1. Hey, if you put +1 on the Cβ of every Lys and Arg and -1 on every Asp and Glu Cβ in the chain, which of 125, 160, 185 ends up farthest toward the positive end of that dipole?
2. Over the Cα atoms of segment 80-187, how large are the radius of gyration and the largest Cα-Cα distance (Dmax), in Å?
3. Taking 2.2 N^0.38 Å as the expected size of a compact globular protein, what ratio does the Cα radius of gyration of segment 125-234 give against it, to two decimals?
4. Beyond 20 Å, what percent of the Cα pairs of segment 20-142 remain?
5. Under a straight-distance cross-link criterion of Cα-Cα below 18 Å, which lysines are reachable from residue 238, leaving out those fewer than 8 residues away in the same chain?
6. Show which aspartates and glutamates lie in cross-link reach of residue 177 when reach means a straight Cα distance below 17 angstrom and same-chain residues fewer than eight apart are skipped.
7. Determine the gain in length on full extension of the stretch residue 98-residue 148; use 0.36 nm per residue of separation and subtract their C-alpha separation, reporting nm with one decimal.
8. At a probe radius of 1.4 Å, what is the per-residue accessible area of residue 180, in Å² to the nearest 10?
Amino acid sequence: MAKHGLPLGIDVGGSGVKGAPVDLTTGEFAAKRMRVDTPVPSTPTAVAAVIAQVADHFDDVRGDSPIGVTIPGVVTHGVVRSAANIDKLWLDFDAEPMLEKVLEHDIILVNDADAAGVAELHYGAAKGHKGLVVMTTLGTGIGSALIYDGVLIPNSELGHLEIDGHDAETRAASSIKEKEGLSYAEWATRLQRYYSQLEALLWPDLIVVGGGVSKDADQFLPLLKLRTPIVPATLRNKAGIIGAAHLAAHKND
Ligand code: BGC
């Protein structure tokens, strides 16, 4: 296959490492997504090997374009600074240079929710939206992305707001709904508390709700009473890959 030089997005999640080359004019995958189980334990060395496996799979389409990789933690200057839902060996790990060495390729390492937010802004539920967009991902934890007039303010970590003495994600993530067997109505009471707090602190213009559970948004979003428009994400589990590829392509802007 000819070299197209498309950016590659790789999304590191709790259960799978997924990647695809992305056509940035449409925001569509340019080839079928490749998925490999996330190794257990998900140490940096083990995950890096899987990331390399996914990247190598697309060697013919990505040419020498940059690669964007997501991680479910804070990333500042290539260093992972938090590890709420991944192996603790990532903590304070200088991951970007290590991955560049393993992949023999330039990369950008970004927070997973930040990548999803960027994707929704350019191609999804918040397309072209001005003002303050807050993306939240409801999954194992709660991720967030803050985007103002199209500019990402990285590592917002609003899933860890302290609400009623609890780390918010330990009450309102969708994994907690599953674990505690909450109905949508019961879970919505917790989401109400969470999103009310979020809008009281930030006054966003739009809230986007992502994560796998967003496909059932009609079961819980209509139960929420907020002054801020709140909409389901549209890119679903593609958002991390698309956003990572987008950020990689714009790394040097
Ligand atoms: C982490 C965030 C991450 C989110 C979703 C949280 O526990 O602190 O960095 O974006 O989970 O994976």
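1. 185
2. Both quantities, over Cα of segment 80-187: 15.9, 49 Å.
3. Output field value: 0.98.
4. Tail of the P(r) past 20 Å holds 48 percent of the pairs.
5. Within the straight-line cut-off, residue 238 pairs with 18, 32, 127, 215.
6. 167, 169, 186, 216, 218
7. 14.9 nm
8. Number for this one is 90 Å².
The values are calculated or read from the model by the stated rules, or taken from the named source; none is laboratory data. The model shown is predicted, which means the values in this text are computed figures rather than measured ones. Because the Cβ atoms are built from the backbone with ideal geometry, glycine has one as well, and the counts that use them run over all protein chains shown. The area values use the complete protein model at the heavy-atom level, side chains included, leaving out ligands, DNA and RNA. Shrake-Rupley method; radii C 1.70, N 1.55, O 1.52, S 1.80 Å.
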